[in-house]
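Novice: The structure is given below, and queries will be raised subsequently.
The values are calculated or read from the model by the stated rules, or taken from the named source; none is laboratory data. Owing to the predicted nature of the structure, the values given are computational and were not obtained by experimental measurement. Note that we place each Cβ from the backbone using ideal geometry, even for glycine, and neighbour counts take in every protein chain shown. Each accessible area value is taken on the protein alone, full model and side chains, heavy atoms only, with ligands, DNA and RNA left out. Shrake-Rupley method; radii C 1.70, N 1.55, O 1.52, S 1.80 Å.
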Amino acid sequence: MENSGGVPEERIRHLSEAFTSFTATSGLLEQYYDMLRERVRYLTVELEERNAQLNAALADANEAKDNLRCILQSMAEALIVLDRDGNVMMVNRAAVEIIGPSAEDATGKSLEALDFSLVSEGDDTVLIANGRRFDVFVSRSNVADSSGAVHGSVLLIQDITRMKELEAQSQRNRRLIRMGEMAAKIVHEIRSPLCSIELYATMLESELGEGEAARLSRGISSGIMSLNNILTNMLLFARQQKPAVSRIDASFVVREALRILEPMIDSRGIPVTLNAQEGIYFSGDPELLKQVLLNVVLNAIQATYGGGSIGIAVYEGKDGVMIEVSDEGEGISKEDLDRIFDPFFSTKAKGTGLGLAIAFRIMEAHGGHIRARSVPGEGSVFSLHFPAAEA
């Protein structure tokens, strides 16, 4: 059947249904578009929030990283961080100070590229770098994640040199107190009868006149004088020193000590070199400090009896005046080096072991210190540190 326009009604009906379907579909697309636009807006807001959170987290992470780096750099212990292959990832400032220049550009290199070595000496560990020696405590631990996977390791080196020095000094002080008390008692018990023996020996010598008996009597008097000198040193060691402090010319007091020892130096033919800066002053008791120098230089003379020379240097250090006495003698073993300032300890067959102990006590009384280093077979160096005099 056809309508008056000549278009079949069936085609008109299909066309009407198509328009109806298109209208419905357009409505749905419009709804989906609105939903999609709302979803995009929501995701955009959420993305902005997540970006803000991520930026804040990155800022916090960078701040934490900077804080951690500052903490690691300010640590007193030397810290070396290694990756899983054993290459250096980071060293802190303390590691550079101990190990030296090789640690400054060590990042990315193997641990062996750092110029240092660790040596075990009994129960102690010693680090040697750039000719310097440190007593250290070393620990190494792995860096692992939550699953246990190892990503590297951390090497921690603690310099305990000063701690060991203080410990040795504390032990030495306790020994000195006990020895001082014993020395004072010994001197008191011996000196009275010794004075009587000396008096009788002098009277006997005057009656005998000249001859073999008189010579033997003078030998008795000489032996008594030697014993009396030992007792005087013991008293000097036992008493609490109270220096009469004044301003002292460093080079002058050294030359005075050398002048007193000049006959002994000349008789043994020992070359002595003095390198002294002029115009350097420090505070102290000139007589007591002269005794310190006498004991130290005498120790050097005895050490170089078989040959070698002695050098004395006077210079201004960072926080005071330094006097160094070096010799090319037989040197001192590490075991003996820890005890040379103990009273009555001597490496010499006829030594009393009081000279360096007295020097140590006098230096302490002046607020200074004396230290020794030695290489067996090559010689020793004794360093005296005196507080600088006020202008």
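Novice: What residues qualify as long-range amide H neighbours of Asn92, i.e. H under 5 Å apart, gap of 5 or more or another chain, H built at 1.01 Å from N?
Specialist: For Asn92, the qualifying residues are Leu79.
Novice: Turning to a different aspect of this structure: With θ taken as phi - 60° and the coefficients 6.51, -1.76 and 1.60, list the Karplus ³J(HN,Hα) couplings across region 131-148 in order, rounded to whole Hz; mark glycine and proline as x.
Specialist: These are the phi-based 3J(HN,Hα) values: x, 9, 10, 10, 7, 9, 10, 10, 9, 9, 9, 7, 9, 10, 8, 5, 8, x Hz.
Novice: Also: For a quick check: with amide H placed at 1.01 Å from N, whose amide H comes under 5 Å from Leu354's, ignoring anything fewer than 5 positions away on the same chain?
Specialist: It is Phe344, by chain and number.
Novice: Under a 5 Å amide H to amide H cut-off, with H placed in plane at 1.01 Å, what residues pair with Val321 once short-range neighbours are removed?
Specialist: Phe386, Ala388
Novice: Go ahead and run the numbers for FRET between Arg255 and Ser170, Cβ-Cβ distance against an R0 of 45 Å, rounding to 0.05. Before the final figure, lay out the partial values.
Specialist: On the way: r = 35 Å, r/R0 = 0.79.
Here the calculated transfer efficiency is 0.80.
Novice: Now, a different point. Might you work out the accessible area of Arg339 for me, using a 1.4 Å probe with all protein chains in place, and round it to the nearest 10 Å²?
Specialist: Counting only protein heavy atoms, Arg339 exposes about 110 Å² to solvent.
Novice: For region 276-338, run through the trypsin sites (Lys or Arg not before Pro) and keep only the ones in DSSP coil with at most 13 other Cβ atoms within 10 Å of their Cβ.
Specialist: Working: sites: Lys290, Lys318, Lys334; in loops: Lys318.
For trypsin sites (Lys or Arg not before Pro) across region 276-338 that sit outside H, G, I, E and B with at most 13 neighbouring Cβ atoms in 10 Å, the list reads Lys318.
Novice: Largest first, what is the accessible-area ranking of Ile270, Ile190 with a 1.4 Å probe?
Specialist: Numbers: Ile270 15, Ile190 75 Å².
The ordering from most to least exposed comes out as Ile190, Ile270.
Novice: Could you tell me how many degrees, from 0 to 90 and to the nearest 10, lie between the Cα long axis of helix 9-74 and the main elongation axis, the longest principal axis, of the Cα atoms of the chain?
Specialist: On a 0 to 90 degree scale, this one is about 10.
Novice: If R0 is 22 Å, what FRET efficiency do you get for Asp336 and Ile177 from their C-beta distance, rounded to 0.05? Could the numbers behind the result be given before it?
Specialist: On the way: r = 22 Å, r/R0 = 1.00.
FRET efficiency, Asp336 to Ile177: 0.50.
Novice: Tell me the label only: which of (i) 4, 21, 31, 25, 13, 5, 1, 0; (ii) 4, 14, 18, 16, 12, 8, 6, 4, 4, 3, 3, 2, 2, 2, 1, 1, 0, 0, 0; (iii) 4, 18, 24, 23, 17, 9, 4, 2, 0 is P(r) over Cα pairs in 10 Å bins from 0, in percent as calculated from this structure?
Specialist: (ii)
Novice: Kindly report the accessible area of the chain per residue (heavy atoms of protein chains, probe 1.4 Å, no ligands, DNA or RNA), in Å². Intermediate values should be presented prior to the final figure.
Specialist: Working: 24270 Å² over 391 residues.
Per-residue accessible area for the chain comes out at 62 Å².
Novice: Still on this structure: How many percent of the accessible area of the chain is carbon or sulfur, using a 1.4 Å probe?
Specialist: 55
Novice: Compute the helix-to-body angle for 161-208: its Cα long axis versus the longest principal axis of the chain, expressed 0 to 90° and rounded to tens.
Specialist: 0
Novice: On to the next question. FRET efficiency for Thr44 and Glu9, Cβ-Cβ distance as r, R0 = 51 Å, nearest 0.05? Spell out each step's value before the answer.
Specialist: Values: r = 52 Å, r/R0 = 1.02.
Calculated value: 0.45.
Novice: Kindly write out, for region 311-317 in residue order, the coupling ³J(HN,Hα) from the Karplus curve 6.51 cos²θ - 1.76 cosθ + 1.60 (θ = phi - 60°), rounded to whole Hz, with x marking Gly and Pro.
Specialist: These are the phi-based 3J(HN,Hα) values: x, 10, 10, 10, 8, 9, x Hz.
Novice: Give the residue from Gly152, Leu111, Leu29 lying farthest towards the positive end of the charge dipole for the chain; charges sit on Cβ (+1 for Lys and Arg, -1 for Asp and Glu) and the dipole is referred to the Cα centre.
Specialist: So the residue furthest toward the plus end is Leu111.
Novice: Right, here's the next one. If you plug each phi of region 378-383 into the Karplus form 6.51 cos²θ - 1.76 cosθ + 1.60 with θ = phi - 60°, what whole-Hz ³J(HN,Hα) values come out, in order, with x for Gly and Pro?
Specialist: Couplings: 10, x, 9, 9, 10, 10 Hz.
Novice: Provide the percentage of antiparallel DSSP beta bridges, counting only those with both residues in the chain; round to the nearest 5. Display every interim value, and only then the final one.
Specialist: Values: 56 of 61 bridges.
In the chain, DSSP labels about 90 percent of beta bridges as antiparallel.
Novice: Extension gain Glu104-Val375, at 0.36 nm per residue separation less the Cα-Cα distance, in nm?
Specialist: Details: separation 271, 0.36 × 271 = 97.56 nm, distance 3.04 nm.
Working it through step by step, the gained length comes to 94.5 nm.
Novice: Let me ask another. Compute the angle between helix 355-365 and the longest alpha-carbon principal axis of the chain, please, reported from 0 to 90 degrees and rounded to the nearest 10.
Specialist: That helix lies at roughly 60 degrees to the long axis.
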